[in-house]
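Written below as structure tokens is the structure these notes are about.
The values are calculated or read from the model by the stated rules, or taken from the named source; none is laboratory data. Because the structure is a prediction, the values reported are computed rather than measured. As a convention, Cβ positions derive from the backbone with ideal geometry for all residues, glycine included, and neighbour counts pool all protein chains shown. Please note that ligands, DNA and RNA were not included when accessible areas were found on the heavy atoms of the full protein model with its side chains. Shrake-Rupley method; radii C 1.70, N 1.55, O 1.52, S 1.80 Å.
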Amino acid sequence: MGYIYREAATVCHVVAMPYPGRGHINPMMELCMSLVRRKDDIRVTFVVTEEWRSFIGSDPKPDQISFSTVANVVPSELVRASNMLEFFEALMTSMEALFERFLDHLVHPPAVIITDTYLLWAVRVGNRKNIPVASFWPMSVNVFLMFHYLDLLRENGQFLVDLLERGYERADYIPGVSSTSLVDFPSFINGSNPYMLGRIVEVFSWVPKAQYLLFHSIYELEPQAIDAIKAGFSFLVYTVGPSIPYSKLQDGSHAMTAHGDIDYLRWLDDRPSKSVLYISMGSFLSFSSAQMDEIAGGLHDSGVRYLWVARGETSRLKEVCGDKGLVVPWCDQLRVLCHPSVGGFWTHCGWNSVREGVFAGGPFLTYPISADQRPNSKLIVEDWKVGRRVEKEYRLENLVRREEIGGLARDFMDLDSNEGKEMRRVVKGFQEICQQAISKDGSSETSIKSFIREISIDHLSCS
């Protein structure tokens with residue numbers, strides 16, 4: 001079972017139950033660190049599987065946060081991408097009893113359970129035990145609304161359509177969401193995975209049973225969407241973003257920056273200002289090897305400097321890309337994005353990466369793969385106007401060829417083009433929004449303090 005919390009009831013005890021995936025665990029941990037930094041008597045028990053404890057147990061964290069573990073009843077993270085349905089089914093059916101048993105062993109009930117929205121069973125357990133639950137949504141507020149208002153797509157005859165035929169029809173009736181092409185809705189909505197769609201519908205039936213709804217976004221980034229949430233729900237809504245490790249930039253701490261004999265930060269130090277294209281396709285899903293080869297060939301032809309995080313294909317891609325760039329298996333992404341030599345971010349558009357990119361203040365090349373990434377790409381390109389798409393039209397299997405990629409990378413990194421200057425000007429405005437949101441009286445800072453105050457008053461667990 002691991003660590004069991006046993007201090008006095010005068011301490012505010014928070015139980016955090018994240019979805020077992022890197023893109024979910026990281027922002028929830030950042031939220032928990034934000035809570036303990038702001039109130040000394042908050043203690044957090046962060047519940048993870050035994051496997052995830054082995055991955056993150058040695059990561060630096062405040063003393064007020066401790067880990068507790070549950071058994072590995074879901075398939076390993078190492079095979080999750082290739083076995084997603086089995087993983088999600090196990091997650092939905094096998095962890096509830098373990099989590100409830102963990103709560104039963106606590107001497108004092110927690111003031112609140114913070115759980116990933118997808119873990120609907122944590123809401124059930126909290127309701128049974130009369131413990132307040134804060135549902136932490138891991139994606140953008142726009143995507144939350146798209147899922148919540150699925151019935152509007154049905155009513156308007158735009159649900160489960162053939163995207164090759166009707167994908168560029170637009171839906172302009174989702175509250176809080178600007179007009180959006182059907183291809184830019186989350187991939188589950190198009191019916192490509194009926195099981196996941198059914199599970200998401202089930203998840204959203206439990207959202208109203210939580211007492212609080214937390215978004216790791218910033219109000220000023222999605223104001224219409226957040227206003228629509230507040231108007232449509234009776235529970236308390238908080239924007240607690242950006243939920244990224246920006247404090248590490250301020251205190252000077254950082255993880256190892258060298259792989260083998262290559263220090264990528266030192267490599268960046270030797271490049272001209274804004275001359276490097278940073279490329280990352282995320283930590284979970286990936287493109288085909290054929291598409292990766294086209295990307296590598298395009299980068300080679302473009303002549304653009306780049307730093308590419310390529311995970312398992314590092315050695316092979318080094319041979320294809322040429323000598324203009326550096327290919328590494330991992331990097332401290334936020335530190336890289338904030339480096340003065342980086343002038344653009346080629347991204348798969350995972351929400352964590354989007355928020356880090358905006359915080360760093362650089363423009364985007366968007367190349368979404370699945371799930372919520374297409375609507376995030378649309379938000380970047382159409383709503384915020386701080387990026388360009390790699391894939392200019394929807395296609396099922398056709399590759400984006402090296403000729404397209406080479407020309408796009410070259411144009412995107414042209415600091416003298418009018419389009420490039422305008423994108424960089426606009427994204428700097430969004431960067432300032434992020435900085436203001438986390439300042440003393442900023443929207444996120446105010447929201448986090450309000451959430452702390454609410455759990456303190458309502459549950460009398462904080463001194």
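All of Pro245, Pro223 fail the test of being within 24 Å of Ser179 (Cβ to Cβ), open to solvent by 10 Å² or more (accessible area, probe 1.4 Å) and not aromatic (Phe, Trp, Tyr), apart from Pro223. Which ones in the range 215-243 are within 20 Å of the chain's Cα centre (by Cα), aliphatic (A, V, I, L, M) and over 20 Å from Asp383 (Cβ atoms)? Once the filter is applied, which keeps residues that are within 20 Å of the chain's Cα centre (by Cα), aliphatic (A, V, I, L, M) and over 20 Å from Asp383 (Cβ atoms), the range 215-243 yields Val237, Val240. When Phe102, Phe88, Phe55, Phe67 are screened for being within 20 Å of the chain's Cα centre (by Cα), within 30 Å of Val11 (Cα to Cα) and among the aromatic types (Phe, Trp, Tyr), only Phe55 passes.
In the range 403-439, which residue that is in a loop (DSSP other than H, G, I, E, B) and in contact with a helix residue (DSSP H, G or I) (Cβ under 9 Å, 6 or more places away or on another chain) is farthest from Ile380 (Cα to Cα)? The residue in question is Ser439. Checked against the criteria, Thr117 does not count as buried (at least 17 other Cβ atoms within 10 Å of the Cβ), more than 22 Å from Cys32 (Cβ to Cβ), touching a residue at least 60 places away in the same chain (Cβ under 8 Å) and hydroxyl-bearing (Ser, Thr, Tyr). Just checking, does the range 425-443 include any residue being closer than 28 Å to Asp301 by Cβ and either surrounded by 20 or more Cβ atoms within 10 Å (Cβ to Cβ) or out of contact with any strand residue (DSSP E or B) (no Cβ under 8 Å at 6 or more places or on another chain) (or both)? Looking through the range 425-443, at least one residue is closer than 28 Å to Asp301 by Cβ and either surrounded by 20 or more Cβ atoms within 10 Å (Cβ to Cβ) or out of contact with any strand residue (DSSP E or B) (no Cβ under 8 Å at 6 or more places or on another chain) (or both).
Pick out, from the range 281-390, the helices (runs of 4 or more DSSP H) lying fully within it that include 3 or more residues that are closer than 24 Å to Tyr246 by Cα. Where helices (runs of 4 or more DSSP H) fall fully within the range 281-390 and carry at least 3 residues being closer than 24 Å to Tyr246 by Cα, they are 333-337, 351-360, 373-378. Only residues that are under 21 Å from Phe451 (Cα atoms), assigned to a helix (DSSP H, G or I) and open to solvent by 20 Å² or more (accessible area, probe 1.4 Å) were counted in the range 125-151, giving 1. The residue pairs whose first member lies in the range 404-421 and is open to solvent by 70 Å² or more (accessible area, probe 1.4 Å), whose second member is assigned to a loop (DSSP other than H, G, I, E, B) and basic (Lys, Arg), and whose beta carbons are closer than 9 Å, counting only pairs six or more residues apart or on different chains, are Glu404/Lys392.
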